[in-house]
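In what follows, a single structure is set out as structure tokens and then discussed.
Just so it is clear, none of the values below were taken in a lab; they were calculated from the coordinates. All values derive from a computational prediction rather than experimental measurement. Please note: Cβ atoms are built from the backbone with ideal geometry, for glycine as well, and neighbour counts cover all protein chains shown.
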Amino acid sequence: MLVQRHPETREVTVVGVIDFGDSEHGPYVFDLAIAITYAMLQSRVVDPLDVGGYLLVGYLSRRQRALTDAERSALWPCVAARFAQSLTMGAYTYSVDPSNTYPLTTAKLGWPLLRRLWKETSREELERRLDVVLASCGCTR
């Protein structure tokens, strides 16, 4: 909380609030996975499983280096984990307050996407699709 004290009356007034709730230091792959998750939910132009490749192209165009092997290996599990986290928290939120239907908007597309990502598409196919998109945009792993 930012406060200001009036010089004459010594009265203290709140003039601002800083929210550090999302301020953290963590692996880049986590931020990338979060962005891919929500971009997949919004995709109406390309197949959601290809969205990650396009997002990665933009990410790599601004970053000094490509993803490490460890980051690349962790990417899809991190995307699936973010889907699971978001969907679970949405289900909990709705169970606490059924009048809040907003979490159901993510659930409508999210559960089928998570199923497709984690159960119906092999890791090799996800990697192949990612490589195809990267190559089509002139990027390498």
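The table below gives the values:
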{"read-out": "Full-extension gain in nm, VAL45 to VAL12, via 0.36 nm per residue minus C-alpha separation", "value": "6.6 nm"}
{"read-out": "Pairwise label distance in nanometres, ARG123 with SER136, each label 7 Å out on the Cα-Cβ vector", "value": "2.5 nm"}
{"read-out": "Hull-based mean projected area of segment 26-136, where the convex hull spans the alpha carbons, in square nanometres", "value": "7.6 nm²"}
{"read-out": "Where labels lie 7 Å past Cα in the beta-carbon direction, separation of ALA66 and SER95 in nm", "value": "4.4 nm"}
{"read-out": "FRET E, pair HIS25, SER73, Förster distance 25 Å, beta-carbon r, rounded to 0.05", "value": "0.75"}
{"read-out": "Residue (of VAL12, CYS137, GLY90) at the positive-pole extreme of the chain, dipole from beta-carbon charges", "value": "CYS137"}
{"read-out": "Inter-probe distance in nm under a simple model that places probes 7 Å from Cα toward Cβ, at VAL57 and TYR102", "value": "3.3 nm"}
